[in-house]
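Okay, so here's the structure we're looking at.
The values are calculated or read from the model by the stated rules, or taken from the named source; none is laboratory data. It should be emphasised that the depicted structure is a prediction, and the values quoted were computed from it without experimental measurement. Methodologically, a virtual Cβ is constructed for each residue, glycine included, from the backbone with ideal geometry; neighbour enumeration extends over all protein chains shown. Note: areas computed on protein heavy atoms with side chains; ligands, DNA, RNA excluded. Shrake-Rupley method; radii C 1.70, N 1.55, O 1.52, S 1.80 Å.
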Amino acid sequence: MLLFLSVLLIILVLFLYLYYGILDHGFRREEKKAAANAGKQSAQPVSGNSLRNDRMLNLLPVPYKIEYHEGSIKLPGKLTFQVDATLKDQVGDFLEGLPGIEPAWVSGGAFFRCVMDASIPAQGYRLILNPGYAVINYSTGQGLHYGLVTVKVLMQNYQNNIPCVTITDSPDLEIRGAMLDISRNKVPTLATLMGIAGLLADLKYNHLELYIEGFSFAYPSFKPLWEGSETPLTGNEIKQLDAFCRENYIDLVPNQNSLGHMAAWLATNEYQDLAECPDGFRLMGLIKMKTTLDPNDPRSLELVTRMTDDLLPNFTSGYYNVNLDEPFELGVGKNKKLARKKGVGQVYLDYVLNLHKMVTARDKKMMMWCDIALKHPEILTQLPGDITLLDWGYEAEYPFDRNGHKLDSAGISFLVCPGTSSWTSITGRTANMLGNIENAAISGKKHHAKGLLVTDWGDMGHWQYLPVSYAGYATAGALGWNSNTAAQMPLQKFLDSYVFHDPSGLMGGFALDMGSYNLFEEFLMFNMTTTMLTFQFGLRDRVMARGIFNKVIQGLTTLMKDIAPDMIDTVKTRIKMRKDYDHAGLMQFLDKQEGLLKNIRLGMADSLLVKDEYSNAITLIRLGAGIKQYITSRNSLTTDQELNLLVAMDSLCSTYLKENSRLWLLRNKPGGLDASTASLVTLKLQIAQRTGILQESSFRRNWHRFTEKLASAALVIYLKLV
């Protein structure tokens, strides 16, 4: 028997070793094809200067109509203004916030006149700027506010020497919102949130959500679950932010996931038995997760109700976003038999209806993502009519038009929800961001969407620094207001003058160009960059890394099958035309960008911080590119060459981690920092382990390599089977 088992073991070892060789040969053949494709594709980043547009008035959003007049206007330091007495404080406080302006209300003959005109749309305004006077016509306080915001922006962008114009303006979409993820490790400080809300207000946003899952909010009823381990946003902080938002006509909407994305709760002893899959579920055969509540257990709704009653009192909004997206395990665990009998869609709908009763009992209107409703369209017409659905899609090719037609035809209130393309990208994906938001805005207007909600997620540790999202905020604010102005936006110029305060006109183009580094990668990866994905692999054998990568791609296309099937061909085409990762070209690009960054001088309050954040982001991209180079070339390196690469990566990793710790605390609360960078700490350990192996005897190095090949082949087989 022992002899038989020994023979079987030898056969298995030989099979795995030979199979590794077959896999490696196949991947090499694909790499030769990729090298041939490299000559067919351009790897030159799109210049941010192409989005400067000096011919347009330097203003975002681009107004509906602009008439130009002779001359320019300068607001005097002693500025007299007149407005209806009921709005005197609103206008006076706003004007007082403008640099160098001392406003004085007068009953007539003022330089700055605010005149009621009932014919103007509720959120619209007419602004007349002439050398000797300024007039804002409005019908509501909100429209007046947007007229004042336009004056504020023009005053800064033209250094109070504003071209004389008449602007007639009102938005395409009623709601123009942003959703900031504060739950993927990074919880911003109140000061950071106030700064973001202030920028959004100047971009004429009127809706803001802070995405909450886990314990990023300090739930009073669950204090033992987060106290001492988390640094969440408190109810008092939310109330302060809510008051600031109200002053700027922004609706701060409570947001809390209530079915899926409940991993933090289900990891606790108190609530682990509420999981749909108590033993966990492997997503795509790779990621073991326990994230979805059992929707048929009444205790699940009791938990969400207690969470809701802790959260809602801090908000004045009439809306409540309960999310309900991506319940990956739904119907495959405790409710498997019920799902077979009723259908997964009906199981989901039953929970939605119960949750809706709870929400409406608290005098709120429910909002929820619509990925599951689109996957199970039979439930669309069964949803209560006062629910607003949120159609999310983060690629430029996402079918907002098709989905919008379906939702509009069903008479459903909905928002289109593109993204900033900042997350899992380090410094953004500029071309995708522009295409994704334009697609959403145009489709939203065409199909009578109630609004546009741009999302700013923090997947995989929330590694992007805040300024990476500024271009996405500006674009979504502009196109949510005036959807057909993508070709007219002076985006780069506006980023320079208003967002970054860069008199040299360099920073806006720099930021947009940094979102083009993915053009040096093998192909345009879906929802991330391949450099970022590499960090999730670490220092793997090339065959193992490629096997995991192929499994990830297969999983992503499966997830797209029901929601956006027409995107699958796009992804497959990109992969088919993949090229070699252009390490040398990327290094030259980063050298150029780094040199440019050193010479940029900004005038904003956090100018040094912004520059340091981009500098450290470049360090992280260099590290990711180094991992790519190492995985691809390791088998052909001498021991000394491999050691040199390992030393270089270790140095980059240490530099990044030290600087990131400093930068993190300047905008965010400390909780979550260690979890965010855990994979980089693991990477340092892998580098140390590999360095130790290279310093051992030749026999031990070869034995380690032999066993590594067997493990790689075995993992690939496993991934093919699951």
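Evaluated at q = 0.07, 0.09, 0.10 Å⁻¹, a Debye calculation over the C-alpha positions of the chain (equal weights, vacuum) places log10 I(q)/I(0) at -0.53, -0.87, -1.06.
Using DSSP, restrict attention to beta bridges with both residues in the chain and report what percent are antiparallel, rounded to the nearest 5. If I count the DSSP bridges inside the chain, around 35 percent turn out antiparallel.
Ordered by 1.4 Å accessible area with all protein chains kept, Lys290, Lys186, Lys576 run largest first as Lys576, Lys290, Lys186.
Annotation for Met577 and Ala688: the two label points, set 7 Å from Cα along the Cα-Cβ direction, are 4.5 nm apart. Computed from the C-alpha gyration tensor, the three semi-axes of the ellipsoid equivalent to segment 248-355 are 26, 15, 13 Å, from longest to shortest. Glu237 contributes an accessible area of around 30 Å² to the protein surface, as traced by a 1.4 Å probe with all chains present. Considering only alpha-carbon pairs that sit under 8 angstrom and 6 or more positions apart, the relative contact order computed for the chain is 16 percent.
Rg ratio for segment 44-191: its Cα radius of gyration over 2.2 N^0.38 Å, N being its residue count, equals 1.19. Counting only protein chain heavy atoms and rolling a 1.4 Å probe, the accessible areas of Arg113, Arg705 rank, largest first, as Arg113, Arg705. For segment 622-707, the list of GluC sites (Glu not before Pro) that fall in a loop by DSSP and count at most 16 other C-beta atoms within 10 angstrom reads Glu696.
Of the residues Tyr17, Tyr138, ranked by 1.4 Å probe accessible area with the largest first, the sequence reads Tyr17, Tyr138. Heavy-atom accessible surface of the chain, averaged per residue, reaches 40 Å², computed with a 1.4 Å probe. Listed values for segment 433-442 are Karplus-derived 3J(HN,Hα) couplings in whole Hz (6.51 cos²θ - 1.76 cosθ + 1.60, θ = phi - 60°), namely 4, 4, x, 5, 6, 4, 4, 5, 5, 5, and x replaces Gly and Pro. What net charge do the residues around His462 carry, taking every other residue with its C-beta under 14 Å from that of His462, with Lys and Arg at +1 and Asp and Glu at -1? Result for the neighbourhood of His462: -2.
How big is the shadow of the Cα convex hull of segment 567-625, averaged over all directions, in nm²? The Cα convex hull of segment 567-625, projected and averaged over all directions, gives 6.0 nm². State the answer as a single residue: which of Thr707, Phe589, Gln641 lies farthest towards the positive end of the charge dipole of segment 567-722, with beta carbon charges of +1 for Lys and Arg and -1 for Asp and Glu, about the Cα centre. Of the listed residues, the answer is Thr707. Just the protein heavy atoms count here, and of the accessible area of the chain at 1.4 Å, carbon and sulfur take up 56 percent. Applying 1/(1 + (r/R0)^6) with r as the Cβ-Cβ distance of Ile11 and Arg282 and R0 = 25 angstrom yields a FRET efficiency of 0.30. Each helix, a run of at least 4 DSSP H residues, gives -39500 (n - 2.57); summed and divided by the residues of the chain, these come to -15500 deg cm²/dmol at 222 nm.
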